[in-house]
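I have placed the structure first, in the form of structure tokens, so that the comments after it can refer back to it.
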Amino acid sequence: MDQETLRKALNLGKAVQIGCVVKDLAMTIKNYEEVLGIGPFMTVTAKPEKTFVKGRRVDNAPTSLASAQLTPELSLELIPMTAGEIYQEFYEKHGEGLQHIGFMTDDYDGVLQRAEKLDIPVLFSVEASVEGVGHVRGTYFDTRPLTGVIFELIEIKP
């Protein structure tokens, strides 16, 4: 499968988020705001209700995440490496940096079904209540062999 086939088959929608794993959330926010002029960041607490990593259920404690709008349609999400196993694994292999590109959808279940038919592995899925945001469902697809980066499918409902 090539990249164009993947894009059409999944029909993910518009990219809305760049997700980066960081070692120290507070320090990274401070550096991005003061040194790079990116921000302001909104810090939220995600309270996972259901979390699966590579098909097995795991318990994750509530964790803080931060987000800043880069453009009206694109945000930068900062995720501390301590937020869960998948982030710790990424940090150990790659250090800090780009971990995923997030796509907002109104067809969450449909995309999941299409990805399954294409045998695209699911690395991680979560349902969480996020303060100030709503109920969030997210799934990471292992699209790295074709794109070099993980794709995240995102659904947010009040």
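Distance from the alpha carbon centroid of region 1-42 to that of region 105-130 works out to 18 angstrom.
Here's the list of aspartates and glutamates a cross-link from Lys23 could span, going by alpha-carbon distance under 20 Å and ignoring same-chain residues fewer than 8 apart: Glu33, Glu34, Glu77, Glu85, Glu89, Glu92, Glu96.
To the nearest 0.05, how large is the calculated FRET efficiency for Glu49 and Asp142 if R₀ is 22 Å and r is the Cβ-Cβ distance? If you can, show how the numbers build up before the last one.
On the way: r = 23 Å, r/R0 = 1.05.
The calculated FRET efficiency here is 0.40.
Under 5 Å from the amide H of Thr143 lie the amide H atoms of Phe151, each residue being 5 or more positions distant or on a separate chain, with H modelled from the backbone and absent for Pro and chain starts. Using a simple spin-label model with pseudo-atoms 7 Å out from Cα toward Cβ, Glu4 and Glu131 lie 4.8 nm apart.
The candidate values are [x] 0.95; [y] 0.97; [z] 0.99; the one derived from this structure for Rg/Rh (Cα atoms, Kirkwood Rh) carries the label [x]. Counting only residues at least eight positions apart within a chain, or on another chain, the lysines with an alpha carbon under 19 Å from that of Lys14 are Lys157.
For region 13-107, what's the relative contact order in percent, using C-alpha pairs closer than 8 Å and at least 6 residues apart?
Over region 13-107, the number comes to 45 percent.
The GNM of the chain, with springs linking C-alpha atoms under 10 angstrom apart, assigns the highest mean-square fluctuation among Glu34, Glu49, Glu127 to Glu34. If the limit is 31 Å between Cα atoms, which of Lys8/Lys54; Lys30/Lys54; Lys30/Lys117 go over it? The pairs that break the limit, which is 31 Å between Cα atoms, are Lys30/Lys54; Lys30/Lys117.
Can you give me the angle between helix 85-94 and the longest principal axis of the chain, using Cα atoms only, in degrees from 0 to 90, rounded to the nearest 10? Long axis of 85-94 versus the principal axis of the chain: about 80 degrees.
Distance between the modelled labels on Ala15 and Thr71, one decimal in nanometres: 1.0 nm (7 Å Cα→Cβ projection).
Show me 115-121, 60-66 ranked by packing, highest mean number of other Cβ atoms within 10 Å first. Could the numbers behind the result be given before it?
Numbers: 115-121: 13.9, 60-66: 16.7.
Top of the packing list down: 60-66, 115-121.
Throughout, read-outs are computed from the coordinates displayed, never taken from laboratory work. The structure displayed is predicted, hence computed values, not measured ones. Backbone-built Cβ (ideal geometry, glycine too); neighbour counts: all protein chains shown.
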